[in-house]
Amino acid sequence: MENADTSSDLVEAIDPDPLTIILELANLIIQPGSLALLASSVGAVAAVAQLRKMSESQRSKVRQKLYEIDRALEDGSKASNILASLLDEHQLLGRPVIIGGAPVRGFTNAQRIRRAHEDCRAAVKDTRDAFIDLSGLLPADFSERIVRTLTDLNHEYAALVMTGETSSYARSLLAANRAMSAIDAFICDIGREFDYRRVPRAFADELLRTFPFMRL
């Protein structure tokens, strides 16, 4: 029994902090809008766009990238929902977004947080890479629009995700989901020009339907 208690203490000591997921959700908003990365492709595509219209093959590649972003945003939303469920269980949603602010304990919970963190980190990479690829596929005006819109979203949401306005996990998760919804609406808007027929999702509304007290 003494060994079991010691083992339990060690597991709790290495439990991942829920803040890691909040950081990745912030990256999911910030990384795709990296102005230097996206803008680097704008000049090269402009000359091509002036010579001819996009082929169906190019349009298909654009749709592919939009769907990749779609799936990455869905992964980010799922990770935030898992975190919300864990924090709700431990009555920690109102805690401040700081290291040690939400001590979720237990081996199973630690595994869930790690998986959610890994899924969210993969979503960050997938979203960033797909937007960079888009800037090389789309005509210059669309590429410039991507840069401008994502930069604006960074300014609007990134700080809110980190501070949650009042530094609570609930508000941070809502801000992250609103930001993901804004990105989702943006890709649907772009997609209308490329036969990408999908309705934008309201990630924050879905989160609030599941955890209505987060509105408080």
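Is at least one residue of the range 108-115 under 19 Å from VAL161 (Cβ atoms) and of a type outside the set (S, T, N, Q)?
Checked against the condition, which is being under 19 Å from VAL161 (Cβ atoms) and of a type outside the set (S, T, N, Q), the range 108-115 yields at least one hit.
If we only count helices (runs of 4 or more DSSP H) wholly inside the range 119-216, which ones have 3 or more residues that are closer than 30 Å to LEU92 by Cα, modelled with pLDDT under 90 and not basic (Lys, Arg)?
Result: 140-167.
When residues of the range 192-203 are filtered for being over 19 Å from the mean Cα position of the chain (by Cα) and either free of Cβ contacts under 8 Å to residues at least 12 places away in the same chain or surrounded by fewer than 19 Cβ atoms within 10 Å (Cβ to Cβ) (or both), how many remain? Quick ask: steps written out before the conclusion?
The initial filter retains those residues of the range 192-203 that are over 19 Å from the mean Cα position of the chain (by Cα), namely 192-197.
Retained after the next criterion (residues that are either free of Cβ contacts under 8 Å to residues at least 12 places away in the same chain or surrounded by fewer than 19 Cβ atoms within 10 Å (Cβ to Cβ) (or both)): 192-193, 195, 197.
Number of matching residues: 4.
What are the residues in the range 79-93 that are among the small types (Gly, Ala, Ser) and surrounded by fewer than 17 Cβ atoms within 10 Å (Cβ to Cβ), if any? If you could, list the steps in order and put the result at the bottom.
In the first step, residues of the range 79-93 are kept if they are among the small types (Gly, Ala, Ser); the result is 79-80, 84-85.
The one that is among the small types (Gly, Ala, Ser) and surrounded by fewer than 17 Cβ atoms within 10 Å (Cβ to Cβ): SER85.
For the range 112-138, what are the residues that are over 24 Å from SER85 (Cβ atoms) and buried (at least 18 other Cβ atoms within 10 Å of the Cβ)? Lay out the reasoning, then the answer.
At the first step, the residues of the range 112-138 found to be over 24 Å from SER85 (Cβ atoms) are 125, 128-138.
Across the range 112-138, the qualifying residues are ARG128, ALA130, PHE131, ILE132, LEU134, SER135, LEU137, LEU138.
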Within the range 119-136, residues over 13 Å from SER77 (Cα atoms) and among the acidic types (Asp, Glu) come out as ASP126, ASP129, ASP133
Inside the range 38-87, the number of residues satisfying the requirement of being in a helix (DSSP H, G or I) and at pLDDT below 50 is 10
For the condition in contact with a Gly (Cβ under 7 Å, 6 or more places away or on another chain) and either free of Cβ contacts under 8 Å to residues at least 40 places away in the same chain or under 24 Å from ASP129 (Cα atoms) (or both), what is the one hit in LEU66, LEU73? LEU66
Just wondering, is there one or more residues in the range 169-178 that are over 15 Å from the mean Cα position of the chain (by Cα) and closer than 25 Å to ALA140 by Cβ? no
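The values are calculated or read from the model by the stated rules, or taken from the named source; none is laboratory data. These figures come from a predicted structure and were not determined experimentally. FYI the Cβ positions are ideal-geometry reconstructions off the backbone, even for glycines, and counts take in every protein chain you see.
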